[in-house]
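These notes concern the structure reproduced below.
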Amino acid sequence: MPEDLRYLDLAFAGCCPTRSTFPYLCRKSVTECFNRRLVIKFVRAHCLLGYMAERYNVTPIHVTRHPCAVVASFALSDWTWNFSQVDFCQLYPDSQPFEDPRAKEQIHVLHEYSNSSATAKLTALWALMERRVAETPGVVSARYEDLVRNPEQEFPRLAGRVGATLRNPLETGEDSPVTVAQRKGIDIEQRLTSWKHELCFEVQESVRSIVEDIWPAGASLWFEASSDCE
């Protein structure tokens, strides 16, 4: 839609679409707002990565995380809504004029999970989106766990894969400004693998089963070859 494209065009030009186009977001000083070398975080862009790569001549970077960690994170969130309230059939009706056969397939799968538990719905959405990214040519993927455990090696390697060079020292010793209160100050392994204690075995196996059903390669990646899995 034209309005959606306007929003994206402004964002990729370094402007904030909702604040009079001024890029006001910064973590240090106001001068940071005028930096033309940007990293744009877009958490809902899984199905748009190929399109955006062509439109803006960029190389998308996808940071992926263990599905059980994603489920545990949502369980700890203090939001006014929950995935148990999400109706996939309402959000993604069959009547939508999708030309992409993959999108139609995704909607069909989501409809199958529309009346499932919050965990099942979230896992199904994760598996579909991660599969879509894996099938998109030109996307550079990295595991969140690898970046956190070995930032000095993994971040420069990631930058090199997209033809960039890190100019400033990495700042990895402090919590992010958006870290929730219960996650502040914890050590790396607790941050990465606390889901093993927060999710019972039955829930972990449910997540595994759903991922295997929707994205077998992803199940192999995260539940067989991954050292994070028990």
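Every read-out reported here was derived from the displayed coordinates using simple, explicitly stated rules and does not represent laboratory data. Predicted, not measured: the structure shown is a model, and the values here were computed from it. Neighbour counts are summed over all protein chains in view; Cβ atoms, including those assigned to glycine, are modelled from backbone coordinates with ideal geometry.
Could the peptides 78-84, 197-203, 106-112, 154-160 be put in order, highest first, of the mean number of other beta-carbon atoms found within 10 Å of their residues?
Details: 78-84: 9.9, 197-203: 12.6, 106-112: 16.7, 154-160: 15.0.
Order by mean packing, descending: 106-112, 154-160, 197-203, 78-84.
Note on region 54-159: percent of Cα-Cα distances in each 5 Å bin, starting at 0 and stopping at the bin with the largest distance, equals 2, 10, 17, 16, 18, 16, 11, 6, 2, 0. Between the amide H of HIS62 and those of VAL140, SER141, ALA142, distances stay under 5 Å, these residues lying 5 or more places away or on another chain, with hydrogens modeled in the peptide plane. Phi angles across region 37-44 convert, under the Karplus curve 6.51 cos²θ - 1.76 cosθ + 1.60 with θ = phi - 60°, into 3J(HN,Hα) values of 8, 10, 10, 9, 8, 9, 7, 10 Hz, Gly and Pro given as x.
Once the convex hull of the alpha carbons of region 84-132 is built, what does its volume come to per residue, in cubic angstrom?
Numbers: hull volume 2.9 nm³, N = 49.
Spread over its residues, the Cα hull of region 84-132 gives 59 Å³ apiece.
The listed peptides 46-58, 114-126, ordered by packing as a protection proxy, come out as 114-126, 46-58 (highest mean of other Cβ atoms within 10 Å first).
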